[in-house]
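Accompanying notes for the structure given below.
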Amino acid sequence: MTEVDHPPQPPAEQNRVIDERDLLRAMTTGDREAASELVDRTYSSIYAALFRFTGGDEELAADLTQETYRKAWSALPRFDGRSRFGTWLYRIAYTTFLNHVRRPRRLVPMEPGHERTAVEPAATSESLLERSQEASRLRRAVLDLPEELRLAVTARYWGEVPVREIARLEGITQPAVRKRIKRALKILGHAMEVAS
């Protein structure tokens, strides 16, 4: 048998898309294993993005990740397949986080006596504190960006979504996404200089 007798193998990404579509179809018929496989493929990137959004709050990131999947499963009939499932899911995670931030908070006062027994956290080194403050300033600056710039920069750097997927998600060209990211980075650079 010669090499010509074997058809070329499709690229791995193409196999992944085909598999993803098959999984989505199976899931709509109630296949729990397909749902589990989709979660396995996307959970770590969605959680990581939400972890960054929340400024490193593991518990809140986990809660928002669960909320993201709950919303995604409810909205699955409206998923049109123009983007990868992970990209669509990232957009839901992003919106879930923004809704959480905008939601009014109910303050629960400490029970009397707790303020006296609360333990102060251990002192941290100056450099750790400085890095933490800088990360916090950067996070605030990112969240203060205009919506279209914030989505582009967070999807690319916090969600690790490829530029072509962001373009598809937003219905714009890849160069337009790159321009948004460039503008966002310029604004962020200026904000960080002013905050220093």
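Quick check, is Arg21 open to solvent by 70 Å² or more (accessible area, probe 1.4 Å), free of Cβ contacts under 8 Å to residues at least 60 places away in the same chain and assigned to a helix (DSSP H, G or I)? Criteria not met by Arg21. Taking segment 163-196 as the range and being more than 17 Å from Leu143 (Cβ to Cβ), in contact (Cβ under 8 Å) with a residue 24 or more places away in the chain and not aliphatic (A, V, I, L, M) as the test, the residues that pass are Glu165, Arg168. Can you name the residue in segment 122-169 that is over 26 Å from Tyr43 (Cβ atoms), among the acidic types (Asp, Glu) and open to solvent by 90 Å² or more (accessible area, probe 1.4 Å) and, of all such residues, is modelled with the highest pLDDT? Applying the filter and picking the extreme gives Asp144. In summary, Ser45 fulfils each of the numbered conditions (1) out of contact with any Gly (no Cβ under 7 Å at 6 or more places or on another chain); (2) at pLDDT 90 or above; (3) polar (S, T, N, Q) with the single exception of condition (1). Output the qualifying pairs, or none if there are none: Cβ atoms under 7 angstrom, residues six or more apart or on different chains, first residue in segment 73-85 and at pLDDT below 85, second residue open to solvent by less than 20 Å² (accessible area, probe 1.4 Å). Pairs found: Ser83/Glu165.
The values are calculated or read from the model by the stated rules, or taken from the named source; none is laboratory data. The structure presented is a predicted model; accordingly, all values stated were derived computationally and were not measured. So basically every Cβ, Gly included, is an ideal-geometry build from the backbone, and we count neighbours across all protein chains shown. Note: accessible area is taken over every heavy atom of the protein model, side chains too, but ligands, DNA and RNA are not part of it. Shrake-Rupley method; radii C 1.70, N 1.55, O 1.52, S 1.80 Å.
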